[in-house]
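S.K.: The structure's right below; bear with me while I get my questions together.
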Amino acid sequence: MLNFNKILFPVSLTCIPTKFAPYILSMASKYASKIHLLHTSRQFDKYMSAYINQAQITEFKKGASSFGKEFTFGANKKLLEFKEKHFKDVSKK
């Protein structure tokens, strides 16, 4: 019989993962598994050379860096809120 020690749950921080959270929680309880949440995002400055002319890149890089930091901070906060809301009991094991 298979034993799932770890479950990787990709979270898009939209309403979609909330529909699957009870199933993940049920599976984790059944197999005494740890749940690992994963959220990914793009780094905007990686796409600059393809879409922005060279003269504007320096200014854009400053804005992209600032936006990226705010985006990452906000995403981390929402991910922690999601974890606390849906996996509160599991996270304390």
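S.K.: Using the structure shown, decide if Ser41 is part of a helix (DSSP H, G or I) and either at pLDDT 75 or above or surrounded by 10 or more Cβ atoms within 10 Å (Cβ to Cβ) (or both).
M.R.: No.
S.K.: May I pose another question? Restricting to the stretch 44-92, name every residue that is in a loop (DSSP other than H, G, I, E, B) and modelled with pLDDT under 70.
M.R.: Matches in the stretch 44-92: Ile52, Asn53, Lys92.
S.K.: What are the residues in the stretch 15-38 that are farther than 14 Å from Lys85 by Cβ, of a type outside the set (Lys, Arg) and not in a helix (DSSP H, G or I), if any?
M.R.: Ala32, Ser33, His36, Leu38 - these are the residues of the stretch 15-38 that are farther than 14 Å from Lys85 by Cβ, of a type outside the set (Lys, Arg) and not in a helix (DSSP H, G or I).
S.K.: So, one more: Could you list, ordered by first residue, the pairs with Cβ atoms under 6 Å in which the first is in the stretch 10-32 and over 25 Å from Ala75 (Cβ atoms) and the second is of a type in the set (Phe, Trp, Tyr) and surrounded by 10 or more Cβ atoms within 10 Å (Cβ to Cβ), at least 6 apart or interchain?
M.R.: Short answer, once both residue conditions are applied: Tyr31/Phe4.
The values are calculated or read from the model by the stated rules, or taken from the named source; none is laboratory data. Source: prediction; values computed, not measured. We place every Cβ from the backbone using ideal geometry, glycine too, and count neighbours over all the protein chains shown.
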